[in-house]
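Just so it is clear, none of the values below were taken in a lab; they were calculated from the coordinates. Keep in mind that this is a model prediction, so the values were computed, not measured. For neighbour counting, all protein chains shown are included, and Cβ atoms are generated from backbone atoms with ideal geometry for every residue, glycine included.
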Amino acid sequence: MKEKVLYISDRPSMGADMLMRKLGDTFEITKLRSGDEVDFTPKIVLVNLAGLESFERVNSFKGAKIFLLGTQAEIDAAKDNIKGADSFVRPFNAGEILEKLTGLSKSDTEAQKTILLVDDDAVMIRTLREGLLSTTYKVIPANGGANALKILERAKPDLILLDYEMPEMNGPQVLEKIKANPKTADIPVMFLTAKTDVQLEGHMLKTLPLKEIKAIIKKILEG
């Protein structure tokens, strides 16, 4: 069941309303005006400051995490009325906001799961990190094999997603070094590849729908 998020808005706002549609894939968004009654106790409240008529309802949510949505000027003015609120400045970064909110809602067990994502393609890293993985897991990006090995000197992730074809040091070469190190040898590794004809055990196509990729990762991490 999706986590409920309360969205307070007194007038249409293209940027904030588009953001809510994106967040709706992960959360159950309940939209109300600032004067409306609320029939549940929200844990997360998003407040669209554009045209907001009243702060009274917002201040009644004791214990909820409140995020203000607006321009920097709107946020600076509102913080005098809403103490302790966090904020997201327009234009909104949906991936960053989604990561922040899911970090608040996920369980302690989920929060402990870390994935090292190794790929020389910045677009691929951003797609997986913002569009999927960071909604459930902590994702550490590495833009190549050498960078990944440096990260593994100080961190031990629960899973490594490793691009098969990379310049300088390819996936199999990185895997060889991972398995040769007693400190990292037991970390599960899944190859990422864009080629459909590659003959690999333990690989995942980059072209799979994000929902399928997430299901595969969940199965690995659950043993």
Highest mean first, what order results for 45-57, 85-97 on Cβ atoms within 10 Å? 45-57, 85-97
DSSP beta bridges in the range 108-221 [antiparallel fraction, %, rounded to 5]: 0 percent
In Hz, Karplus ³J(HN,Hα) per residue of the range 88-100 (6.51, -1.76, 1.60; θ = phi - 60°; x = Gly, Pro): 10, 8, 5, x, 7, 9, 4, x, 5, 5, 4, 4, 5
Ranking Asp119, Asp76, Asp10 by Cβ neighbours within 10 Å, fewest first, what do you get? Asp76, Asp10, Asp119
List the residues, sorted by chain then number, that are 5 or more residues from Arg90 or on another chain and whose placed amide H is less than 5 Å from its amide H. Gly70, Thr71, Gln72
Filter the cross-link list Lys156/Lys195; Lys113/Lys150; Lys65/Lys100; Lys2/Lys214; Lys31/Lys138; Lys150/Lys183 down to pairs whose alpha-carbon distance in this structure exceeds 18 Å. Lys156/Lys195; Lys113/Lys150; Lys31/Lys138
Provide the per-residue ³J(HN,Hα) series for the range 64-75, in order, calculated from phi with Karplus coefficients 6.51, -1.76, 1.60 and θ = phi - 60°, each as a whole number of Hz, with x at glycine and proline positions. 7, 8, 10, 10, 8, 10, x, 6, 4, 5, 5, 5
Tell me, in nm to one decimal, what length is gained between Arg154 and Asn59 on full extension, where the rule is 0.36 nm per residue of separation less the Cα-Cα distance? 30.0 nm
Can you give the FRET efficiency to the nearest 0.05 for Leu104 and Thr207, using r as the Cβ-Cβ distance and R₀ = 35 Å? 0.65
Does the range 108-221 come out rounded, prolate or oblate, given a ≥ b ≥ c as the square roots of the eigenvalues of its C-alpha gyration tensor, rounded meaning a/c under 1.5 and, failing that, prolate meaning a/b above b/c? rounded
Cα gyration tensor, the range 4-105 - rounded (a/c under 1.5), prolate or oblate: rounded
